[in-house]
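**Student:** Take a look at the following structure, please.
The values are calculated or read from the model by the stated rules, or taken from the named source; none is laboratory data. What you are looking at is a predicted structure, and each value in this text was computed from that prediction instead of being measured. Using ideal geometry, Cβ is built from the backbone for each residue, glycine included, and neighbour counts are taken over all protein chains shown. For the accessible areas, the whole protein counts, side chains as well, though only heavy atoms, and no ligand, DNA or RNA atoms are used. Shrake-Rupley method; radii C 1.70, N 1.55, O 1.52, S 1.80 Å.
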Amino acid sequence: MTTFVDRVELHVAAGNGGHGCASVHREKFKPLGGPDGGNGGRGGDVTLTVDQSVTTLLDYHHSPHRKATNGKPGEGGNRSGKDGLDLVLPVPDGTVVLDKAGNVLADLVGHGTSYIAAQGGRGGLGNAALASARRKAPGFALLGEPGDLQDIVLELKTVADVALVGYPSAGKSSLISVLSAAKPKIADYPFTTLVPNLGVVTAGATVYTVADVPGLIPGASQGKGLGLEFLRHVERCSVLVHVLDTATLESDRDPVSDLDVIEEELQQYGGLGDRPRIVVLNKVDVPDGKELAELVRPDLEARGYRVYEVSAVAHIGLKELSYALGELVGAARAAKPKEEATRIVIRPQAVDDAGFSVTLEDDGLFRVRGEKPERWVRQTDFTNDEAVGYLADRLNRLGVEDELMKAGARAGDGVAIGPEENAVVFDWEPSVSAGAEMLGRRGEDHRFEEQRPAVHRRRERQVERDEVTREFDEFDPFE
């Protein structure tokens with residue numbers, strides 16, 4: 001059964017925002033106490049976070065669909081809905097996040113590094129938050145915004161300083177087992193190593209990690225064997241170590257030809273030409289292996305390689321090799337640019353940036369794109385005329401109608417707000433009214449302008465008293 005997975009396709013869904021509540025406060029002797037609908041809660045985010053205790057993407061291979069919780073809707077009595085819980089997905093150190101097209105979205109290196117893969121939707125405002133001096137009792141609330149839906153690809157690239165590369169059964173697993181405390185599976189048949197193994201090596205004051213990459217064969221960069229699947233684990237390494245088998249029983253192989261084949265595969269894969277190389281002639285404890293190592297060593301050194309003769313079984317030459325690797329790793333670390341604190345860049349919106357655009361498409365449709373118009377459309381309840389009128393007012397204040405007129409739109413032309421696959425299309429009429437204005441100004445409740453019966457009775461009595469007083473003042477006893 002598969003226990004190591006380093007590439008998965010993940011489908012993540014953030015939580016939807018809760019709907020706002022349209023409610024009117026009511027109590028004894030005060031039937032219309034004003035709007036008191038609460039706001040909806042925010043939907044939860046889906047976040048990828050590096051966790052050092054996680055070494056594989058196996059969990060996401062078995063369960064590729066992940067969803068955060070939704071925000072709760074608002075309630076009367078000015079009670080806001082509860083926010084949805086964020087979903088935190090732990091991933092191994094060195095995970096690369098890509099979209100379906102292969103574009104890199106994030107490179108997660110270092111414990112605690114995180115990336116929001118899907119943003120939760122905003123909660124809708126309740127009618128209490130929408131009330132104003134002109135709109136005293138809104139009869140509507142805003143809908144919650146839907147959360148993001150994303151299809152992403154996770155690729156694990158091992159974070160190590162040194163990579164051991166070579167043919168299957170060249171002795172890479174044996175070498176890492178004696179250089180470090182790693183305990184990989186070791187056998188004398190091809191492809192014993194099915195997953196990358198990591199080991200920590202201490203050489204004096206330098207501590208570095210070594211990765212044992214599964215064996216490469218001719219054509220690995222094109223998908224043969226296990227090479228293509230695991231060549232990505234070499235990308236982050238600072239030093240490459242060619243482990244060559246000097247005691248192979250295959251008559252058509254020798255250390256020099258093995259080196260040429262592996263170098264060709266690395267070149268075909270690309271991006272590894274600048275890494276320093278070391279050649280390790282392994283299994284020199286075998287008599288034939290020792291003779292072959294002494295025979296090919298001058299040729300390899302003539303090519304500019306540093307060559308070390310070792311035996312993982314007999315523990316020959318390991319100390320010299322570990323210190324040589326520590327020297328190269330230290331030089332690579334020193335050559336890296338110094339990390340600087342992340343600068344906070346503030347990019348204010350341009351004065352002439354309206355925040356939206358209006359374009360005329362080939363089919364005569366005017367399309368409006370922009371963060372605010374699209375969000376407002378998503379949050380509008382189109383079954384409520386008053387809410388539609390409120391949307392029309394917002395778009396008008398933003399300047400959408402003016403831009404439509406400048407673009408040549410006429411009454412009755414089609415207007416779409418949003419992307420092509422998810423747009424709201426309507427026939428445009430300048431200064432759109434929702435029909436609710438027949439009852440008064442948009443968003444107002446005429447009942448709040450009505451006076452209670454007791455007030456009418458007091459005013460009637462006051463009018464009667466005023467009439468009596470006027471008659472008394474006009475009375476002349478001498479007439």
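**Student:** Exactly one of (1) open to solvent by 90 Å² or more (accessible area, probe 1.4 Å); (2) more than 30 Å from residue 394 (Cβ to Cβ); (3) in a loop (DSSP other than H, G, I, E, B) is unmet by residue 348. Its number?
**Tutor:** (2)
**Student:** Can you find a residue that is assigned to a loop (DSSP other than H, G, I, E, B) and more than 27 Å from the chain's Cα centre (by Cα) anywhere in segment 38-47?
**Tutor:** Scanning segment 38-47 turns up at least one residue that is assigned to a loop (DSSP other than H, G, I, E, B) and more than 27 Å from the chain's Cα centre (by Cα).
**Student:** Which of the following residues is more than 23 Å from residue 235 (Cα to Cα), at pLDDT below 95 and over 15 Å from the mean Cα position of the chain (by Cα): 58, 32, 85?
**Tutor:** 32
**Student:** Residues of segment 257-297 being open to solvent by less than 10 Å² (accessible area, probe 1.4 Å), modelled with pLDDT of 85 or more and either among the polar types (S, T, N, Q) or farther than 22 Å from residue 312 by Cβ (or both), which ones?
**Tutor:** 282
**Student:** Considering segment 274-312 alone, what residues qualify as being touching a Gly at 6+ places or on another chain (Cβ under 9 Å), part of a loop (DSSP other than H, G, I, E, B) and over 15 Å from residue 254 (Cβ atoms)?
**Tutor:** The answer is 310, 312.
**Student:** Kindly indicate whether any position in segment 355-366 is more than 30 Å from the chain's Cα centre (by Cα), under 30 Å from residue 140 (Cβ atoms), at pLDDT 90 or above and crowded, with 16+ Cβ neighbours inside 10 Å.
**Tutor:** For segment 355-366, residues more than 30 Å from the chain's Cα centre (by Cα), under 30 Å from residue 140 (Cβ atoms), at pLDDT 90 or above and crowded, with 16+ Cβ neighbours inside 10 Å: present.
**Student:** Would you pick out the residues in segment 94-126 that are surrounded by 20 or more Cβ atoms within 10 Å (Cβ to Cβ) and of a type in the set (D, E, K, R)?
**Tutor:** Hit for segment 94-126 is 122, nothing else.
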